[in-house]
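Heads up, the thing below is written out as structure tokens.
The values are calculated or read from the model by the stated rules, or taken from the named source; none is laboratory data. For clarity, every value in this text was computed on a predicted model and none was experimentally measured. Here the Cβ is made from the backbone with ideal geometry for all residues, glycine too, and neighbour counts use every protein chain on show.
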């Protein structure tokens, strides 16, 4: 039995409708006697337990619900959740021995494990914890992975700023197995490499599988600009689709070098790829370019909270307006946002405004969201975050 936190009358609806976040203002019970990350039960005003989760002393999200009802969050419970998550991915064709061996195994709240990310790169697993509650459960999670998957290595990449809001320090390193850096894996038969120790996110942008597939289908014989290219996964997909030439721009020289290595792994012509290490915002502002057939734009999250919305809108607008000016008539703009708080309607309004200002006309050919190893939860709208538009640019 865990400590029971009673809700104020009328504050139980979010939990009843299975939203996993309970904010501190919803509780009638005092919260100052609990430890950061402690397991608790959530009860309605009548005292009926309606949820079990982890408590945060620092975040406005006081409790993250793991089970809607009374439960013991122990090894067997965690094992069942992780096995269920793998079974779901296996149904999608993501598993060792398939043509996709790099995927998100656990996607936090959408897999009923709030605050926990597990990414799988072949036989190497990367854990990311964003809460004190998951930190307390980390040993159990690691034990499940060892016993169920016999991994070569388990790496932690909890080096994320959101941990400061939870009152915990950033941390990373090897949790189990052999020391690893770059790990090869497959995605739809393409060989990629994840830099699990130093790369962005957990080493690779696994959520863009479907957009890479779309790029491969439409990038024939064109001259392509890839902005915020990171390790160049879009560029690799474009080369496989028959792109004539690709120019990558990214602030990380190491990531750009990785693109060349991945091209070699796939026996692709490296001489079709050129790159520049630069800040994309400055590069777009300073350097006039000959127009491209395709411009691909996938910046990091520019709206990380509601407080960032106005500055983020301006940044997205600047990037997309500049990109439109670099596209040939009847060319293609592929533009993405991974910011939860920058909604689809915000994105479309920004595109309309930028197109009018540049005298271009946009036609949306394709809408792509996060790949299904990053599932949406109908109870947790925040789990749908990635938005990509493939647009024809006329005029």
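Data table
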read-out: Counted residues, segment 32-59 - those being at pLDDT below 95 and touching a strand residue (DSSP E or B) at 6+ places or on another chain (Cβ under 6 Å); value: 0
read-out: Test: residue in segment 6-23 that is buried (at least 19 other Cβ atoms within 10 Å of the Cβ) and assigned to a helix (DSSP H, G or I); value: yes
read-out: Test for residue 61: is it over 18 Å from residue 108 (Cα atoms) and either in contact (Cβ under 8 Å) with a residue 24 or more places away in the chain or surrounded by fewer than 18 Cβ atoms within 10 Å (Cβ to Cβ) (or both); value: no
read-out: Test result for residue 145, surrounded by 16 or more Cβ atoms within 10 Å (Cβ to Cβ), in contact (Cβ under 8 Å) with a residue 60 or more places away in the chain and not in a strand (DSSP E or B); value: yes
read-out: In segment 281-316, the residues that are more than 15 Å from residue 341 (Cα to Cα) and surrounded by fewer than 19 Cβ atoms within 10 Å (Cβ to Cβ); value: 281, 282, 283, 285, 286, 287, 288, 289, 290, 291
read-out: Selection status of residue 168, closer than 26 Å to residue 385 by Cα and either surrounded by fewer than 22 Cβ atoms within 10 Å (Cβ to Cβ) or in contact with a strand residue (DSSP E or B) (Cβ under 6 Å, 6 or more places away or on another chain) (or both); value: yes
read-out: Residue match in segment 127-142 (condition: at pLDDT 95 or above and closer than 26 Å to residue 262 by Cα); value: yes
read-out: Test for residue 177: is it out of contact with any helix residue (DSSP H, G or I) (no Cβ under 6 Å at 6 or more places or on another chain), at positive phi and not assigned by TED's automatic domain parsing to the domain that holds residue 87; value: no
read-out: Which numbered condition residue 139 misses (of (1) part of a strand (DSSP E or B); (2) surrounded by fewer than 20 Cβ atoms within 10 Å (Cβ to Cβ)); value: (1)
read-out: One residue from 157, 163 being in a strand (DSSP E or B) and touching a strand residue (DSSP E or B) at 6+ places or on another chain (Cβ under 9 Å); value: 157
read-out: Selection status of residue 332, without any contact (Cβ under 8 Å) to a residue 24 or more places away in the chain and either touching a helix residue (DSSP H, G or I) at 6+ places or on another chain (Cβ under 8 Å) or closer than 17 Å to residue 208 by Cβ (or both); value: no
read-out: Output for segment 113-131, where each listed residue is under 15 Å from the mean Cα position of the chain (by Cα) and over 13 Å from residue 95 (Cα atoms); value: 114, 115, 116, 117, 118, 126, 127, 128, 129, 130
